[in-house]
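Q: Structure in structure tokens, see below.
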Amino acid sequence: MMAEHYPTIPQCAAVATALKVLLWPSYRSTDFEVHRNWLAITNSLPLKEWYYEKTSEWTLDYPPFFAYFEWLLSRGAQYADNGMLAVKDLNYASWETVYYQRATVILTELVLVYALYLYAQSSPPGTKRQSHAAAISILLSPGLLIIDHIHFQYNGFLYGILILSIVLARKSSGLLASGIVFAALLCFKHIYLYLAPAYFVYLLRTYCLGPRSIFHIQFLNCIKLGLSIIVVAGLAFGPFVYYEQIPQVLERLFPFSRGLCHAYWAPNVWAMYSFTDRVLIYAAPYLKLPVDASAVQSVTRGLVGDTSFAVLPNITPRATFILTLGTQIPALIKLFLRPNWYNFVATTTLCAYASFLFGWHVHEKAILLVIIPFSLIALKDRRHLGAFRPLAVAGHVSLFPLLFTTPEFPVKVAYTIFWLIGFLLAFDRLAPASPNPRYFLFDRFSLLYIAIAIPLIAYCSLGHSLVFGAKYEFLPLMFISSYSAVGVVASWVGFLVVFFTS
Amino acid sequence: MPPHTPGSYRPRKKRTASELASASSNGTVSLDLPTKREKPAFPLAAFFWPIKGTPVSQWVVLSMILMAVGLFRWVTGFWQYSGYQTPPMHGDFEAQRHWMELTVHLPVTHWYFHDLQWWGLDYPPLTAYHSWILGMLGTYIQPDWFALYLSRRSDDEGLKVFMRATVIVSELAVFIPAAILCIRQLARLHNINSWESAIALTAFLMQPATILIDHGHFQYNTVMLGFQLASLASMLAGRRLWSCVFFVSALGFKQMALFYAPAVAAYLAGSCIFPRIDIARFIGMAIITVASFAALFLPLLLGTAFDVYRGIPLPADAQAPPLLPAIPFEIPETAWYQPYVVQLLQAIHRIFPFARGLFEDKVANIWCAVHASGIHKLTVYDSTTLSRASLVLTLAAITPPCAILFFRPRANLIPLAFAATAWAFFLCGFQVHEKNVLLPLLPMTLLLGTSEGMKPAIRAWVGYANLLGCFTMFPLLTRDGLRIPYAVLTLLWAYLLALPPFSLSAYAPSASEGGPHWFSKVAHLSSFIVMLGWHAVVAFVEPPKDKPDLWVVANVMLGAAGFGLCYLWCLWRLVGESGLLSVFERKAKQVEKKRQ
């Protein structure tokens, strides 16, 4: 029998569950009402009206598997409180409704627990301790706690499916299953499309093409994979093809009318770009640059939903798309040439980085898309850990503005600091030395970077309101996202170096 | 190097890596028989496993522990508090808020007289000063929360956050440092390594009963309990004068600290006589105690002086304190000292409600169990008889532990003797609330930090007392709307310490292997089964129409019986540890020989 590592995954899950249940009465965002509305829609309307219903402004805009998932949850919901299933009862939130919806988040997260357990089990003998620590770090992630158990979403469940698919890809016998699971995941939430290039290249190279020569095409495997994906897609979209509603479904899934930056800025390149633009507004008269007066207006009002730039050129969706794909391609080429599991996870992470940093209308919550796959390989050696560290700090700090109510402030800060101290120290002990030399400067940078976080959080949460009161509310948000953007970009550059030099 | 001053300077004990890695002394580690590997004996130890034997800074460990226990406290505060939107009287939350309101706005002479029908101040002066400070702070943030008269029954969300934060801050200021010190002193006394003592500290701070009452129901018990802990820590460290100061502070914050008074007195008095008579020590402690009491009442008297100087009369509806006629000499209305005497007497009158009944509501002590179960209705006696009976029975029950502590004033007996004394008060005392179970639980839970404290025999009893204590507060917590936090925190603690209903591991070893006595096993396991059954019944079955309190009575009966066992167990262990009886003495010697 193998040695058990402590604390075990179930032990962590048990204690975390206690905290999550106690969080039930905490602040919940409009996402709670969004999901309640979807429960009501899927429960009380026939399937063909699901993607047309618009009584609530929170229309169904996730792919069909998620709608089926909501339908399944709504079956149980009627025993908790039938009131939550009425489409017309907007913002219905009885205690039973809250308890029920919150409880479903905790229960469906068991998928994540199981996937992490498989991940720790399936790791090679020499890396068991590291994998165990990484698994626990994901399980206890402050990101999931903040987004799922306070803000309200089902990311634990969805990332559980993602990790399941990544773990399945470890063995060549699991490649087909991995592809199927990932296809299913896409039919739950299409944000995972960002990771699809890595899956496409990896499955193409390892499953559809021969191991020795790429010209040795394995037709049987191609057919199996293709058929499976068609079946999965058919299960999801079939009914809507039958009702001829596909354009309407796609319209809901991909609303391109939204702005470049989300209402809260995701800490990506565009946040730095806007920050530069805002600084340039004041510098423009000296530099003799033309300033777009109407854009200045929107800037000073602190409106960030629909971003137009005053000095710098505006950004089109096409530009973001080209940038995203362009930054993904080098890693994809490396994966194609050296298709192993490590390169696959690393490329998945890099795809997530590229989409997060350059994507159109990125949510700050999407940072989990980077953090979670990266966590799986962050303990490979000390160089990886060096690149992971600023991401761990920046990614989680950037989620702070999601919770702006007073009671939740100590929770997000204390829990995140707890996690950072615990896991950064543990990772530091566990990560083995790298065969390649480290970059001294980069380590210094990450130490300095982490140190800045403390005064920044203090300013944004307390100092700003003491100095300015309710004025310039966008300023703390801008600082946090710019700060976080620096960290995410730095960790991206660091990881690119690590990936292409190892 | 700091200059070496004899007397006050103590070299700090350096903890070496070899000591950190030393074998378990108090039961956090067990051996996995098939593989011969060490493994954590219960889940809480598993969470400390990664730092076992590693040179992680104690400060990092401590700050992580505090963040974790702080998080559980804060999120418990998200739930309702006592009296939330329940007219007419609301509850303890309104009482505490009201005291802040009245201390902030009224002259000091009115504090103990103001509108006694609406949560009149009936705690000792330290609570009043504490309320004043918090009230000033709160008024600075939002004056509406404490506006005189207008703020009554306020259920503002911001107010709730503020009040919850004051509980945490008060606890951080008093209870937490005291708990850290106390567990450290115990570790030094019993030679326990810092890793195990960190586990004991976490278990102690996660005690569900304290969290539920202070952060759920809403009270400031941890301030009083914290002073008491500081007093215990001072005793363990041999700093008797400080222990007097802290005990007076505990008493000055909440009169319930009287539960401990006989044990404090027995230990301190005993330490002046045994092993040799030390008059100077006794006089020193007497002076410090009197001075502490004087300091406690000084702000009240200074405030009175100020009000006399300003010529502020007492409120119109103020009645002279009933204790005034009891004074053997006449006090003229015009005497200069009359206002001070009135204030002191009124404070004492308010603090000690002699006129109230023997017990309030349903509490798991002897009186309520005898009365409510119908064995013997106590309403046939008048209150004087009952209070005398209560006094006699309490005295009888506290005499054995206090006598032992008096004749053998040794530091290692302190937790057991204090627990036994407090149990005696809880079971036999006058005017006991269900929440007072926190008092005996405090020293009893400290046992986890003593030698062999987390081995099955003691862990089972500490766990039993705590879980039963929470169980008896279930009716109260249900009224407060705290059923879910009750379930979560109680089950979490039971899980972390591997207690029923999650694990029977504490009951597996036989008595000779360090497990509990067979009688304890039977008593505990049957109690746990009854507790689980009781919860099932309460959840699904309505009580009979003519006996609406039947379930509560059953709860009280089980609680009283179980607490009685806890008292007896503490006493029995105390007798054993003290080595007073020659039988035990011989046994102790044998054990000692074995150890050597």
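The values are calculated or read from the model by the stated rules, or taken from the named source; none is laboratory data. What you see is a predicted model; the values in this text were computed from it and never measured. Glycine also receives a Cβ, built like all others from the backbone with ideal geometry; neighbour counts cover every protein chain displayed.
Q: Only one of these conditions is not met by B:THR472: (1) within 14 Å of another protein chain (Cβ to nearest Cβ); (2) closer than 21 Å to B:LEU225 by Cα; (3) not charged (D, E, K, R). Which number is it?
A: Only one criterion in (1) within 14 Å of another protein chain (Cβ to nearest Cβ); (2) closer than 21 Å to B:LEU225 by Cα; (3) not charged (D, E, K, R) is unmet by B:THR472, namely (1).
Q: Return the residue satisfying two criteria in turn: it lies in region A:396-412 and is assigned to a helix (DSSP H, G or I) and touching an Asp or Glu at 6+ places or on another chain (Cβ under 8 Å), and of such residues it is farthest from the other protein chains (Cβ to nearest Cβ). Spell out the reasoning first.
A: First pass over region A:396-412, keeping only residues assigned to a helix (DSSP H, G or I): A:396-397, A:400-402, A:408-412.
From what's left, touching an Asp or Glu at 6+ places or on another chain (Cβ under 8 Å): A:401-402.
Numbers: A:PRO401: 19, A:LEU402: 17 Å.
Applying the filter and picking the extreme gives A:PRO401.
Q: Checking A:GLU364 against (1) farther than 22 Å from A:VAL497 by Cβ; (2) among the acidic types (Asp, Glu); (3) within 14 Å of another protein chain (Cβ to nearest Cβ): exactly one of these is not met. Which one?
A: Against the list (1) farther than 22 Å from A:VAL497 by Cβ; (2) among the acidic types (Asp, Glu); (3) within 14 Å of another protein chain (Cβ to nearest Cβ), A:GLU364 comes up short only on (3).
Q: Let me ask another. Looking at B:THR76, B:THR109, which one is at pLDDT 90 or above and within 14 Å of chain A (Cβ to nearest Cβ)?
A: Every option except B:THR76 fails the conditions.
Q: Another question, then. Inside region A:149-206, counting only helices (runs of 4 or more DSSP H) that do not spill past its ends, which hold 3 or more residues that are closer than 21 Å to A:ALA135 by Cα? It would help to see each step written out before you state the result.
A: Details: elements: A:155-168, A:175-188, A:196-203.
Qualifying helices (runs of 4 or more DSSP H): A:155-168, A:175-188.
Q: Go through (1) of a type in the set (A, V, I, L, M); (2) within 11 Å of chain B (Cβ to nearest Cβ); (3) free of Cβ contacts under 8 Å to residues at least 60 places away in the same chain; (4) closer than 22 Å to A:TRP95 by Cβ for A:VAL15 and report which single condition fails.
A: (4)
Q: From B:ILE288, B:ILE277, which residue is of a type in the set (Val, Ile, Thr) and out of contact with any helix residue (DSSP H, G or I) (no Cβ under 8 Å at 6 or more places or on another chain)?
A: Working: B:ILE288 fails: out of contact with any helix residue (DSSP H, G or I) (no Cβ under 8 Å at 6 or more places or on another chain).
From the options B:ILE288, B:ILE277, the qualifying one is B:ILE277.
Conditions (1) surrounded by fewer than 21 Cβ atoms within 10 Å (Cβ to Cβ); (2) within 14 Å of chain A (Cβ to nearest Cβ); (3) part of a helix (DSSP H, G or I); (4) within 29 Å of the chain's Cα centre (by Cα), marked per residue:
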{"residue": "B:GLU101", "(1), (2), (3), (4)": "no, no, yes, yes"}
{"residue": "B:GLN117", "(1), (2), (3), (4)": "yes, no, no, yes"}
{"residue": "B:GLY120", "(1), (2), (3), (4)": "yes, no, no, yes"}
{"residue": "B:TYR123", "(1), (2), (3), (4)": "no, no, no, yes"}
{"residue": "B:THR127", "(1), (2), (3), (4)": "no, no, yes, yes"}
{"residue": "B:SER131", "(1), (2), (3), (4)": "no, no, yes, yes"}
{"residue": "B:ARG153", "(1), (2), (3), (4)": "yes, no, no, yes"}
{"residue": "B:VAL161", "(1), (2), (3), (4)": "yes, yes, yes, yes"}
{"residue": "B:ILE168", "(1), (2), (3), (4)": "yes, yes, yes, yes"}
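Q: Please count how many residues of region A:298-317 are over 10 Å from A:ASP277 (Cα atoms), at pLDDT below 70 and of a type outside the set (Gly, Ala, Ser).
A: 6
Q: Still on this structure, please answer the following. Limited to region A:39-57, what total is found for residues that are surrounded by fewer than 18 Cβ atoms within 10 Å (Cβ to Cβ), free of Cβ contacts under 8 Å to residues at least 60 places away in the same chain and not small (Gly, Ala, Ser)? Please lay out each step first, then the result.
A: Within region A:39-57, the first condition is being surrounded by fewer than 18 Cβ atoms within 10 Å (Cβ to Cβ), and the residues that meet it are A:44-49, A:52-55, A:57.
Then drop every residue that is not free of Cβ contacts under 8 Å to residues at least 60 places away in the same chain, which leaves A:44-46, A:49, A:53-55, A:57.
This time we only want the ones that are not small (Gly, Ala, Ser), so: A:45-46, A:49, A:53-55, A:57.
Residues flagged as surrounded by fewer than 18 Cβ atoms within 10 Å (Cβ to Cβ), free of Cβ contacts under 8 Å to residues at least 60 places away in the same chain and not small (Gly, Ala, Ser) within region A:39-57 amount to 7.
Q: Additional query: Of the conditions (1) out of contact with any helix residue (DSSP H, G or I) (no Cβ under 9 Å at 6 or more places or on another chain); (2) in a helix (DSSP H, G or I), A:PRO313 satisfies every one except a single condition; which number is it?
A: Only one criterion is unmet by A:PRO313, namely (2).
Q: Scan region B:176-235 residue by residue and report those that are among the β-branched types (Val, Ile, Thr), assigned to a helix (DSSP H, G or I) and over 29 Å from B:TYR84 (Cβ atoms). Write out each step before concluding.
A: At the first step, the residues of region B:176-235 found to be among the β-branched types (Val, Ile, Thr) are B:176, B:180, B:183, B:192, B:199, B:202, B:210-211, B:213, B:222-223.
With the extra rule that they be assigned to a helix (DSSP H, G or I), the set shrinks to B:176, B:180, B:183, B:199, B:202, B:210-211, B:213, B:222-223.
Across region B:176-235, the qualifying residues are B:ILE180, B:ILE183, B:ILE199, B:THR202.
Q: When only residues in region B:64-99 that are closer than 22 Å to B:MET206 by Cα and aliphatic (A, V, I, L, M) count, which is nearest to the chain's Cα centre (by Cα)? Talk me through it step by step, then tell me what you get.
A: Let us first name the residues in region B:64-99 that are closer than 22 Å to B:MET206 by Cα, namely B:64-82.
Subset that is aliphatic (A, V, I, L, M): B:64-69, B:71, B:75.
Numbers: B:MET64: 24, B:ILE65: 21, B:LEU66: 19, B:MET67: 22, B:ALA68: 21, B:VAL69: 17, B:LEU71: 21, B:VAL75: 22 Å.
Step by step, filter region B:64-99, then rank; the result is B:VAL69.
Q: What's the number of the only condition in (1) more than 7 Å from chain A (Cβ to nearest Cβ); (2) assigned to a helix (DSSP H, G or I); (3) aliphatic (A, V, I, L, M); (4) free of Cβ contacts under 8 Å to residues at least 40 places away in the same chain that B:MET89 fails to meet?
A: (2)
Q: Of everything in region A:18-38 that's more than 9 Å from chain B (Cβ to nearest Cβ) and polar (S, T, N, Q), which residue is surrounded by the most Cβ atoms within 10 Å (Cβ to Cβ)?
A: A:ASN37
Q: Then there is this: Hey, B:ARG281 hits all of (1) on the phi < 0 side of the Ramachandran plot; (2) of a type outside the set (Asp, Glu); (3) without any contact (Cβ under 8 Å) to a residue 12 or more places away in the chain but one; which does it fall short on?
A: (3)
Q: Scan A:PHE479, A:PHE442 and give me the residue that is within 23 Å of the chain's Cα centre (by Cα) and more than 10 Å from chain B (Cβ to nearest Cβ).
A: Details: A:PHE442 fails: within 23 Å of the chain's Cα centre (by Cα).
Going through A:PHE479, A:PHE442 in turn, just one is within 23 Å of the chain's Cα centre (by Cα) and more than 10 Å from chain B (Cβ to nearest Cβ): A:PHE479.
Q: Step by step: first the residues of region A:413-423, then only those that are of a type in the set (A, V, I, L, M) and crowded, with 18+ Cβ neighbours inside 10 Å, then the one that is nearest to the other protein chains (Cβ to nearest Cβ). Which residue is that? If you could, list the steps in order and put the result at the bottom.
A: Quick first cut of region A:413-423, residues of a type in the set (A, V, I, L, M) only: A:413-414, A:417, A:420-421.
If we keep only those that are crowded, with 18+ Cβ neighbours inside 10 Å too, we end up with A:413, A:417, A:420.
Numbers: A:VAL413: 10, A:ILE417: 7, A:LEU420: 11 Å.
Once the filter is applied, the top-ranked residue is A:ILE417.
Q: Is there a residue being free of Cβ contacts under 8 Å to residues at least 60 places away in the same chain and surrounded by fewer than 21 Cβ atoms within 10 Å (Cβ to Cβ) anywhere in region B:554-562?
A: Step one: filter region B:554-562 for residues free of Cβ contacts under 8 Å to residues at least 60 places away in the same chain, giving B:554.
After this cut, where a residue has to be surrounded by fewer than 21 Cβ atoms within 10 Å (Cβ to Cβ) as well, the list is B:554.
So far as region B:554-562 goes, yes, one or more of its residues are free of Cβ contacts under 8 Å to residues at least 60 places away in the same chain and surrounded by fewer than 21 Cβ atoms within 10 Å (Cβ to Cβ).
Q: Find the residue count for region B:234-254, including only residues that are hydrophobic (A, V, I, L, M, F, W, C) and surrounded by fewer than 24 Cβ atoms within 10 Å (Cβ to Cβ). Talk me through it step by step, then tell me what you get.
A: Within region B:234-254, the subset hydrophobic (A, V, I, L, M, F, W, C) is B:235-237, B:241-242, B:244-248, B:250-251, B:253.
Right, trim to surrounded by fewer than 24 Cβ atoms within 10 Å (Cβ to Cβ) and you get B:236-237, B:241-242, B:245.
Of the residues in that region, 5 qualify.
Q: If you check B:PRO509 against the conditions, is it touching a residue at least 12 places away in the same chain (Cβ under 8 Å) and under 26 Å from the mean Cα position of the chain (by Cα)?
A: Working: touching a residue at least 12 places away in the same chain (Cβ under 8 Å): yes; under 26 Å from the mean Cα position of the chain (by Cα): no.
No: the conditions fail for B:PRO509.
Q: Name the single residue, out of those in region A:67-101 being of a type in the set (Phe, Trp, Tyr) and within 22 Å of A:GLU57 (Cβ to Cβ), that is nearest to the chain's Cα centre (by Cα). Write out each step before concluding.
A: Filtering region A:67-101 for residues of a type in the set (Phe, Trp, Tyr) gives A:68-69, A:71, A:79, A:92, A:95, A:99-100.
When the remaining residues are screened for being within 22 Å of A:GLU57 (Cβ to Cβ), the result is A:69, A:71, A:92.
Values: A:PHE69: 20, A:TRP71: 24, A:TYR92: 28 Å.
Result: A:PHE69.
Q: Please find, within region B:488-538, the residue that is farthest from the other protein chains (Cβ to nearest Cβ) out of those that are of a type in the set (Ser, Thr, Tyr) and either surrounded by fewer than 17 Cβ atoms within 10 Å (Cβ to Cβ) or touching a strand residue (DSSP E or B) at 6+ places or on another chain (Cβ under 7 Å) (or both).
A: First, pick out the residues of region B:488-538 that are of a type in the set (Ser, Thr, Tyr): B:490, B:495, B:503, B:505, B:507, B:510, B:512, B:520, B:526-527.
Then drop every residue that is not either surrounded by fewer than 17 Cβ atoms within 10 Å (Cβ to Cβ) or touching a strand residue (DSSP E or B) at 6+ places or on another chain (Cβ under 7 Å) (or both), which leaves B:503, B:510, B:512, B:526.
Details: B:SER503: 12, B:SER510: 26, B:SER512: 29, B:SER526: 26 Å.
Taking the candidates together, the pick is B:SER512.
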